[in-house]
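Engineer: I have a structure I would like to understand better, so I am pasting it below and will then ask my questions one at a time.
The values are calculated or read from the model by the stated rules, or taken from the named source; none is laboratory data. All figures in this text were calculated on a predicted structure; none of them were measured in a lab. Counting neighbours? That spans all protein chains shown, and the Cβs are built from the backbone with ideal geometry, glycine included. Ligands, DNA and RNA are stripped out before the accessible areas are found, and what is left, the full protein with its side chains, is counted by its heavy atoms. Shrake-Rupley method; radii C 1.70, N 1.55, O 1.52, S 1.80 Å.
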Amino acid sequence: MINFRTAEELLELCSEHSTTISDIMKRRECDLTEKTEEEITARMMKSLQIMKDSVRDAIDVPQKSMGGLIGGESKKLHDHYHAGKSIAGDLVSHAIAYSMGVLEVNASMGLIVAAPTAGSSGVIPGVILALQKEYDLKDEELVDALFNASAIGYLAMNNATVAGAVGGCQAEIGVAAAMAASAAVELMGGTPKQCTEAASTVLMNMLGLVCDPVGGLVEYPCQNRNASGAANAIIAAEMSLAGISQLIPLDEMMDIMYTVGRKLPPELRETALGGCATAPSACARCKILHN
């Protein structure tokens with residue numbers, strides 16, 4: 001039976017079988033669920049379609065969020081790009097627009113894929129769908145990328161946390177971006193080791209990010225941080241693909257992230273009692289919302 005509990009074990013399996021992270025993850029899922037590769041691939045293809053729909057819906061039919069704090073940002077970025085005014089370039093422009101759009105759909109009670117959480121659900125689709133648009137990738141390639149991302153998410157859930165209430169936003173957006181970075185590296189032909197190094201770089205760069213939702217709503221600054229996470233993922237993937245090695249392996253970086261998260265005060269772990277949630281302007285806006 002194929003299984004792993006650490007990134008080190010995952011890389012050993014990739015080396016032993018001369019294959020990719022996505023392939024090892026698919027084999028693991030088949031072994032543990034007793035389903036065929038066709039069955040698990042079909043389920044992942046369904047998740048990919050939901051991601052595509054959530055990105056498209058936010059641009060085609062923008063909606064105000066339930067809390068009223070966000071809505072229409074994805075279309076603004078989309079229009080800004082098509083007006084020839086973007087300064088971020090094609091890939092990043094699409095990634096941030098897509099990632100912000102998924103959060104709009106989530107906050108307006110639409111259907112999304114929580115990858116790994118609802119609050120961080122825009123990062124992975126933002127990155128992989130932007131890569132698909134830029135490089136004309138097939139859906140089957142994106143499905144493999146999602147299996148790759150799933151392996152990183154599994155490691156985080158097994159050895160650390162993906163919950164903002166436990167580890168701050170570094171555990172939600174940070175892990176989502178680590179998953180996206182690893183997926184991007186495999187999509188672009190990188191090695192399994194480069195995938196885990198990209199994931200480690202993301203966690204390092206987002207270390208200490210607090211969870212401070214305004215009004216206790218998964219809207220703001222969550223949406224902005226999904227865009228930031230997508231950009232971070234692309235940066236880390238680019239560095240890794242360029243051959244820039246990561247001093248700290250992924251297993252150690254996850255331990256560090258988890259330790260830092262547990263040391264954050266409760267006010268900075270999804271309670272809306274600290275950080276951006278305490279800004280006078282944010283508090284005033286929330287009072288308007290509750291009138």
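Engineer: Identify all residues within the range 248-291 that are among the aromatic types (F, W, Y) and open to solvent by less than 50 Å² (accessible area, probe 1.4 Å); write none if there are none.
Structural biologist: Passing the criteria: none in range.
Results for (1) at pLDDT 95 or above; (2) farther than 22 Å from I234 by Cβ; (3) among the β-branched types (V, I, T), shown as yes or no for each residue.
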residue: C30; (1), (2), (3): yes, yes, no
residue: K52; (1), (2), (3): yes, no, no
residue: Q63; (1), (2), (3): no, yes, no
residue: G68; (1), (2), (3): no, yes, no
residue: G84; (1), (2), (3): yes, no, no
residue: D90; (1), (2), (3): yes, no, no
residue: M100; (1), (2), (3): yes, no, no
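Engineer: Tell me which residues, restricted to the range 135-146, are over 15 Å from K52 (Cβ atoms) and surrounded by 14 or more Cβ atoms within 10 Å (Cβ to Cβ).
Structural biologist: D144
Engineer: Cβ-Cβ distance below 7 Å, separation of 6 or more or different chains: which pairs start in the range 60-86 with a residue that is more than 20 Å from A107 (Cβ to Cβ) and end on one that is part of a helix (DSSP H, G or I) and open to solvent by 70 Å² or more (accessible area, probe 1.4 Å)?
Structural biologist: As it stands, the answer is S86/H80, since those pairs meet every condition given.
Engineer: Which of the numbered conditions does S228 fail, given that it passes all the others? Conditions: (1) over 20 Å from the mean Cα position of the chain (by Cα); (2) hydroxyl-bearing (S, T, Y); (3) within 30 Å of Q63 (Cα to Cα).
Structural biologist: The number of the failed condition is (1).
Engineer: In the range 197-227, how many residues are of a type outside the set (A, V, I, L, M, F, W, C), closer than 30 Å to R5 by Cβ, in a helix (DSSP H, G or I) and open to solvent by 10 Å² or more (accessible area, probe 1.4 Å)?
Structural biologist: From the range 197-227, those of a type outside the set (A, V, I, L, M, F, W, C) are 197, 200-201, 205, 208, 212-213, 215-216, 219-221, 223-226; that's our starting set.
So of that shortlist, the ones also closer than 30 Å to R5 by Cβ come out as 197, 200-201, 205, 208, 225-226.
If we keep only those that are in a helix (DSSP H, G or I) as well, we get 197, 200-201, 205, 225-226.
Still in the running and open to solvent by 10 Å² or more (accessible area, probe 1.4 Å): 197, 201, 205, 225.
Counting residues in the range 197-227 that are of a type outside the set (A, V, I, L, M, F, W, C), closer than 30 Å to R5 by Cβ, in a helix (DSSP H, G or I) and open to solvent by 10 Å² or more (accessible area, probe 1.4 Å) gives 4.
Engineer: Those residues that are over 16 Å from R56 (Cβ atoms) and in contact (Cβ under 8 Å) with a residue 12 or more places away in the chain, I need them from the range 97-123; list them, please.
Structural biologist: Initial filter on the range 97-123 (over 16 Å from R56 (Cβ atoms)): 107, 109, 114-120, 123.
Answer for the range 97-123, where residues must be over 16 Å from R56 (Cβ atoms) and in contact (Cβ under 8 Å) with a residue 12 or more places away in the chain: A107, M109, A115, P116, T117, A118, G119, S120, V123.
Quick grid of which residues meet (1) open to solvent by 40 Å² or more (accessible area, probe 1.4 Å); (2) under 21 Å from S182 (Cβ atoms); (3) out of contact with any Phe, Trp or Tyr (no Cβ under 7 Å at 6 or more places or on another chain):
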| site | (1), (2), (3) |
| --- | --- |
| M45 | yes, yes, yes |
| G71 | no, no, yes |
| L91 | no, yes, yes |
| G101 | no, no, yes |
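Engineer: Picking from E238, E267, which residue would you name as being charged (D, E, K, R), more than 24 Å from E8 (Cα to Cα) and assigned to a helix (DSSP H, G or I)? Break it down into steps so the answer makes sense when it comes.
Structural biologist: Values: E238 fails: more than 24 Å from E8 (Cα to Cα).
E267 is the lone residue from the list that is charged (D, E, K, R), more than 24 Å from E8 (Cα to Cα) and assigned to a helix (DSSP H, G or I).
Engineer: Take the range 107-134 and flag every residue that is open to solvent by 20 Å² or more (accessible area, probe 1.4 Å) and either acidic (D, E) or under 24 Å from M157 (Cβ atoms) (or both). Steps first, please.
Structural biologist: Taking the range 107-134 first, the residues open to solvent by 20 Å² or more (accessible area, probe 1.4 Å) are 108-114, 116-118, 132-134.
L111, I112, V113, A114, P116, T117, A118, E134, listed by residue number.
Engineer: Between S47, S18, which is within 17 Å of the chain's Cα centre (by Cα) and either modelled with pLDDT of 95 or more or polar (S, T, N, Q) (or both)?
Structural biologist: Values: S18 fails: within 17 Å of the chain's Cα centre (by Cα).
Answer to the check: S47.
Engineer: Among the residues that make up the range 128-146, is at least one of them among the charged types (D, E, K, R), closer than 15 Å to G229 by Cα, touching a residue at least 12 places away in the same chain (Cβ under 8 Å) and out of contact with any Leu (no Cβ under 7 Å at 6 or more places or on another chain)?
Structural biologist: No, the range 128-146 has no match at all.
Engineer: So R27 clears everything in (1) farther than 30 Å from N159 by Cβ; (2) without any contact (Cβ under 8 Å) to a residue 40 or more places away in the chain; (3) basic (K, R) except one condition, right? Which one?
Structural biologist: Status for R27: all satisfied but (1).
Engineer: Please specify each residue of the range 147-187 satisfying the condition of being open to solvent by 10 Å² or more (accessible area, probe 1.4 Å), part of a helix (DSSP H, G or I) and over 19 Å from S18 (Cα atoms).
Structural biologist: S150, Y154, M157, N158, N159, A165, V166, C169, E172, M179
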